[in-house]
Structures are given as structure tokens and as C-alpha cells.
Amino acid sequence: MESFPVINIENLNGEERAITMDKIKDACENWGFFELVNHGIPPELMDTVERMTKGHYKKCMEQRFRELVASKGLEYVETEVHDLDWESTFHLKHLPVSNISQIPDLDDDYRKVMKEFAVKLEKLAEELMDLLCENLGLEKGFLKKAFHGSKGPNFGTKVSNYPPCPKPDLIKGLRAHTDAGGIVLLFQDDKVSGLQLLKDSQWVDVPPMRHSIVVNLGDQIEVITNGKYKSVLHRVVAQTDGNRMSIASFYNPGSDAMIYPAPALVESKAKEAGEAGYPKFVFEDYMKLYAALKFQAKEPRFQAMKAMESSPNLEPIATA
């Protein structure tokens with residue numbers, strides 16, 4: 001199988017710009033994932049984020065996770081578990097309003113570092129969206145504008161740890177799903193693997209790489225690009241050894257942003273017929289549906305939104 005796409009962002013500034021843009025285009029069209037190196041976020045900051053995140057887990061979350069496992073008898077399961085993930089998580093919101101000061105158990109230095117990291121990631125996400133626009137033939141800023149809504153984008157971080165699991169064949173670290181939103185930027189453990197994506201009906205490892213940022217595209221990018229770029233199923237396989245850190249930051253549309261295929265990417269015949277391959281909807285409505293159906297196929301979600309589009313008084317109802 002062809003190798004997982006790794007993009008050196010620095011090469012955009014020199015003679016290799018065209019080749020690098022082609023690599024990004026190929027990754028978006030054929031993988032839905034790619035890994036960034038030399039992305040401009042200081043390695044020292046990433047090392048601090050990793051050290052503090054792992055320290056916070058040991059100090060504040062490890063015992064809670066053990067108690068949860070014991071209360072549900074997960075160490076002794078003998079059949080596959082379909083309604084739980086082997087992960088310990090907390091969530092941070094950055095935009096439109098930060099909640100970092102309200103999260104319990106975070107010390108001030110950790111809050112400060114995560115805020116600094118979020119600012120760098122937000123900038124990187126917006127730079128990436130403009131690169132996508134360039135490759136798609138859309139005007140610069142198109143995606144950022146599409147995501148804006150009345151209060152700007154939603155941007156938040158899911159901080160996860162995947163502890164050693166005694167039954168990884170029966171319990172997933174995180175069950176297979178596509179991401180609901182826009183662009184996801186992941187800082188993952190470089191020593192403990194586990195993230196996989198589905199490509200050509202095979203599960204492919206996303207290689208751990210020191211100081212890299214893994215990028216993947218969510219359902220909203222698929223809709224706006226009218227399917228030119230697609231969100232991809234991915235999962236986390238629990239490991240018997242080692243605790244895997246995952247810090248995933250989601251740059252998503254604003255809650256009231258209206259999402260629909262970019263007119264420039266809808267073929268002229270479909271335009272004349274008033275048809276696009278994907279629905280038009282308010283992002284918040286999609287998220288309500290996704291909350292109940294995250295671990296199911298995305299196509300019924302799109303169909304439900306399409307039905308809601310033609311009958312505006314309907315609540316989005318899943319067809320599967």
C-alpha cells in the first residue's frame with residue numbers, strides 16, 4: 001500500500017511549493033488525512049503540552065478511570081463491547097468563548113500552556129483552510145467565511161488518554177466514526193500508536209511521529225466541497241502496553257453557520273436542475289443529529305438533513 005502522506009509545510013515557501021500543494025491535494029482527495037511536519041508550532045511548546053497533559057492524567061484522572069473500569073467490570077468482559085470506549089477525556093472550548101478557566105483540576109501553568117497552544121493551532125487551521133481553497137479553485141478565505149456564522153467558528157480541544165487495555169480485541173479505544181466538523185488537528189503520542197483510518201476497505205495505521213500534527217477532514221468539508229474531499233472513518237485501537245496521549249483540536253463552523261456545497265464546485269448541469277449532491281443545513285442541526293449517530297455511517301445523516309431541507313418543519317430524523 002502507498003505510504004501515509006507526510007507534508008513538509010516549510011516547502012510551501014520555496015521551489016517545491018507546487019509539488020507540496022499537489023501532495024496536499026492528493027491527501028485530501030484520496031486519504032482525508034495527512035501528517036504535517038515543520039508546521040511552525042515550536043517543538044518546545046509541544047513538549048511542554050505533552051509533559052503537562054501526561055502529568056495531569058496521572059494526578060487527576062488515572063484513578064477515576066480505574067474506578068470507572070471496575071464499576072463496569074470492563075476488565076472481565078468476554079464479548080465485544082459496542083457502547084463504550086476505552087478512553088479518559090476532558091474537553092476545552094476556545095472559540096467563540098473559552099471555558100479553560102472553568103475546567104476543574106487544571107493548574108494555572110497548564111491552563112496558560114493550553115491557551116497558547118490553542119492560539120497556534122487556530123492560526124494553523126486557518127492557514128490550512130486557505131491552502132484547501134487554493135487547491136479547490138475557491139477564493140482565499142472562502143472556507144473561513146463559510147464557517148463564520150454570526151459569532152465566528154467553534155474551536156475546541158478534546159484531551160484524551162488511552163490507558164493500557166487488557167482486552168483490546170473486545171474494547172476499542174475509540175469506535176470507528178467520521179468527524180462531524182471541519183478540520184481536525186491532532187497532536188498524538190509519538191511512542192504509543194493506535195490511530196487507524198479506513199482506506200480501500202483496509203485499516204491503515206496513522207504513524208506516530210515526533211512533533212507532527214495529524215490533520216483530518218470532517219463531514220462539513222465534504223459537504224462544502226460537494227464530495228471532492230471526503231471525511232474518512234477512523235478509530236483508535238486500544239493497546240495492552242503504554243498510555244497513548246491524544247490532543248485533538250476541532251476547527252468547526254459556528255453554530256448558526258449555514259453549510260452547503262460551494263456553488264463553484266457544483267457542476268453546471270446540477271445547478272440548472274437546482275440540485276447539489278449534498279444538503280443545505282444549519283451546523284447546529286447537524287450536530288444534534290450527529291450526537292445520537294456518531295458511530296453510524298455518515299450517509300444517513302446527510303439524507304436526514306436533505307429531508308429536513310425539503311420539509312423545513314421536520315426535526316432531523318435518522319434513516320438508519
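The values are calculated or read from the model by the stated rules, or taken from the named source; none is laboratory data. Just so it is clear, the structure is predicted and the values come from calculations on it, not from any experiment. As a convention, Cβ positions derive from the backbone with ideal geometry for all residues, glycine included, and neighbour counts pool all protein chains shown. Each accessible area value is taken on the protein alone, full model and side chains, heavy atoms only, with ligands, DNA and RNA left out. Shrake-Rupley method; radii C 1.70, N 1.55, O 1.52, S 1.80 Å.
Laid out as a table, the results:
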| quantity | calculated |
| --- | --- |
| Search result, residues across region 167-191 that are closer than 25 Å to residue 47 by Cβ, open to solvent by 20 Å² or more (accessible area, probe 1.4 Å) and not acidic (Asp, Glu) | 191 |
| Condition check for residue 77: under 28 Å from residue 161 (Cβ atoms) and out of contact with any strand residue (DSSP E or B) (no Cβ under 9 Å at 6 or more places or on another chain) | yes |
| Any chance residue 161 is over 27 Å from residue 29 (Cβ atoms), part of a strand (DSSP E or B) and not charged (D, E, K, R) | yes |
| Boolean, residue 212 is open to solvent by 10 Å² or more (accessible area, probe 1.4 Å), over 10 Å from the mean Cα position of the chain (by Cα) and hydroxyl-bearing (Ser, Thr, Tyr) | no |
| Near pairs, Cβ below 7 angstrom, 6+ apart or cross-chain, from region 61-81 (surrounded by 14 or more Cβ atoms within 10 Å (Cβ to Cβ)) to any residue that is assigned to a helix (DSSP H, G or I) | 69/75 |
| Filter result for the condition that a residue is free of Cβ contacts under 8 Å to residues at least 40 places away in the same chain, within 26 Å of residue 298 (Cα to Cα) and open to solvent by 30 Å² or more (accessible area, probe 1.4 Å), over 144, 140, 115 | 144 |
| Search result, residues across region 140-186 that are more than 20 Å from residue 86 (Cβ to Cβ), aromatic (Phe, Trp, Tyr) and within 18 Å of the chain's Cα centre (by Cα) | 147, 155 |
| In region 82-98, the residues that are modelled with pLDDT of 90 or more and open to solvent by less than 90 Å² (accessible area, probe 1.4 Å) | 85, 86, 87, 88, 89, 90, 92, 94, 95, 96, 98 |
